[in-house]
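**Q** There's a structure below that I have some questions on.
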Amino acid sequence: EVNPNVPVVYGDASVHISDVDFIVESRREIPMDPVYESTEIQKVIGQNIADLIEDGSTIQLGIGGIPDAAAKQLIHKRALGVHSEMFTPSMAMLYEAGVITGARKNIDKKQMVCTLLTSRPEVFEFVDHNPAVKILRGSYVNDPYVIMKNDRMVAINAAIEVDLTGQIFSETIGARQYSGTGGANDFATGAHRSNGGKSIIALPSTKKKGTVSAIQPWITGGGVVTIQRQNVDYVVTEYGAAPLSGRSIRDRVQNLIAVAHPDFRQQLKEEAQRLELW
């Protein structure tokens, strides 16, 4: 299908005419993704994430209010690079502001590497005939051994729930499948192994309108672990960043309770004692 509303991009996105049997011309409008407006809590989480990112880092951002809020707080950083499954509007904004240059990347230097685009008009306009953006196969972009080659690789991923040992649940609510894994585990693994890299998990401290803690003592009713705890460096909520890498279980429990919502901290302490996690 050939459609002038689709941007022309570089990388692995070209098809030689000899491999084509039929061409269908179309001018249909491309469905657009929604615009995410960050809440006040997400903005605070975004600032907490930005505080962990150094100049010269290479970043991976997902879609949604928290990654968008984090990106807006990066406006004062310098020489950032992009190696991300998804290319987002915030990346275009940071490039145009001179924050993203890719100059300190070890691989794909001075290019923003991704495997898919957020479907937004501003993204299509930015990437069209833009050699600074390279769309490559997921087998390359999402390979942890490729991701880790960039020093100071920072992966920012969301979660539904975290337990007190640092296990990350991003795809199930109890035993019910809620979403897919996406590239979260790939990028968490690659960033954790990167020289100076950081695997960051971000989520609000509560869910269900504040009635349930997003940090739970243990796996909730048959939940599936999306990211193993050994590949998580920080868990970030609106109450701060809990460092987990290299910590004992006791330290992990203490650090995660410290960033839980105050209404649930005593309950988490009691449950940690009952489960003998201390």
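The values are calculated or read from the model by the stated rules, or taken from the named source; none is laboratory data. Quick caveat: nothing in here was measured; it's all calculated off a predicted structure. For neighbour counting, all protein chains shown are included, and Cβ atoms are generated from backbone atoms with ideal geometry for every residue, glycine included. Accessible surface is based on the protein model in full, side chains and every heavy atom, while ligands, DNA and RNA are left aside. Shrake-Rupley method; radii C 1.70, N 1.55, O 1.52, S 1.80 Å.
**Q** Asp33 to Ser245: FRET efficiency via 1/(1 + (r/R0)^6), r the Cβ-Cβ distance, R0 25 Å, to the nearest 0.05?
**A** Details: r = 33 Å, r/R0 = 1.32.
It comes out at approximately 0.15.
**Q** Another question about this same structure. Which order do you get for Tyr10, Tyr234 if you rank them by accessible area with a 1.4 Å probe, largest at the top? Please report the intermediate quantities before stating the final value.
**A** Details: Tyr10 100, Tyr234 55 Å².
So the residues, ranked largest to smallest area, are Tyr10, Tyr234.
**Q** Could you tell me which of Ala184, Leu203, Pro262 has its Cα farthest along the dipole of region 153-265 towards the positive end, charges placed at Cβ (Lys, Arg +1; Asp, Glu -1), taken about the Cα centre?
**A** Value: Pro262.
**Q** Could you provide, to the nearest whole Å², the per residue accessible area of the chain with probe 1.4 Å?
**A** On the way: 13520 Å² over 278 residues.
Result: 49 Å² of accessible area for each residue.
**Q** If you place +1 on the Cβ of every Lys and Arg, -1 on the Cβ of every Asp and Glu, and leave all else neutral, what size is the dipole of region 155-278 about its Cα centre, to the nearest 20 Debye?
**A** Roughly 60 debye for region 155-278.
**Q** Evaluate region 1-157: find the radius of gyration of its Cα atoms, find its Kirkwood radius, and give the ratio Rg to Rh.
**A** Values: Rg = 16.3 Å, Rh = 16.4 Å.
Here the Rg-to-Rh quotient is 1.00.
**Q** Still on this model: Two decimals, Cα atoms only, Kirkwood Rh: what is Rg/Rh over region 90-233? Don't skip to the end; give the middle numbers.
**A** On the way: Rg = 17.0 Å, Rh = 16.7 Å.
The Rg/Rh ratio comes out at 1.02.
**Q** Which value in deg cm²/dmol, rounded to the nearest 500, describes the helix-derived mean residue ellipticity at 222 nm for the chain, given -39,500 (n - 2.57) per DSSP H run of n ≥ 4 and division by the residue count? Present the calculation step by step, with values, prior to reporting the outcome.
**A** Working: 9 runs with 75 residues, N = 278.
So the calculated ellipticity at 222 nm is -7500 deg cm²/dmol.
**Q** If I take R0 = 35 Å and measure r between the Cβ atoms of Leu116 and Gln266 in this structure, what FRET efficiency does the formula 1/(1 + (r/R0)^6) give, to the nearest 0.05?
**A** 0.20
**Q** On to the next question. State the Cα centre-to-centre distance between region 115-170 and region 37-86 in whole Å.
**A** Using only Cα atoms, the two centres lie 12 Å from each other.
**Q** Moving to a separate point now. Which one is right for this structure if P(r) over Cα pairs in 5 Å bins from 0, in percent is calculated from it: (1) 1, 5, 10, 13, 15, 15, 13, 10, 8, 5, 3, 1, 0, 0; (2) 1, 6, 12, 16, 18, 15, 11, 9, 6, 3, 2, 1, 0, 0; (3) 1, 6, 13, 17, 20, 19, 14, 8, 2, 0, 0?
**A** Read-out taken from this structure: (2).
**Q** In whole percent, how big is the carbon plus sulfur part of the accessible area of region 114-189, probe 1.4 Å, protein atoms only?
**A** Values: 1560 of 2990 Å².
Looking at region 114-189 in its full context, I get 52 percent from C and S.
**Q** How much of the accessible area of region 195-260, probe 1.4 Å, is carbon plus sulfur, in whole percent?
**A** Details: 1330 of 2730 Å².
That fraction is 49 percent.
**Q** I would also like to ask the following. At a probe radius of 1.4 Å, what is the per-residue accessible area of Ile23, in Å² to the nearest 10?
**A** Roll a 1.4 Å probe over it and Ile23 shows about 100 Å².
**Q** Got a number for carbon plus sulfur as a percent of region 1-40's accessible area, 1.4 Å probe? Intermediate results must be reported in sequence, preceding the final value.
**A** On the way: 1900 of 3570 Å².
Of all accessible area on region 1-40, carbon and sulfur atoms account for 53 percent.
**Q** Okay, moving on. Count the lysine pairs in the chain whose Cα atoms sit under 18 Å apart, keeping only pairs 8 or more residues apart in sequence or on different chains.
**A** 17
**Q** In addition: Could you tell me the accessible area of Ile219 in Å² (1.4 Å probe, neighbours in place), rounded to the nearest ten?
**A** The accessible area comes out at roughly 60 Å².
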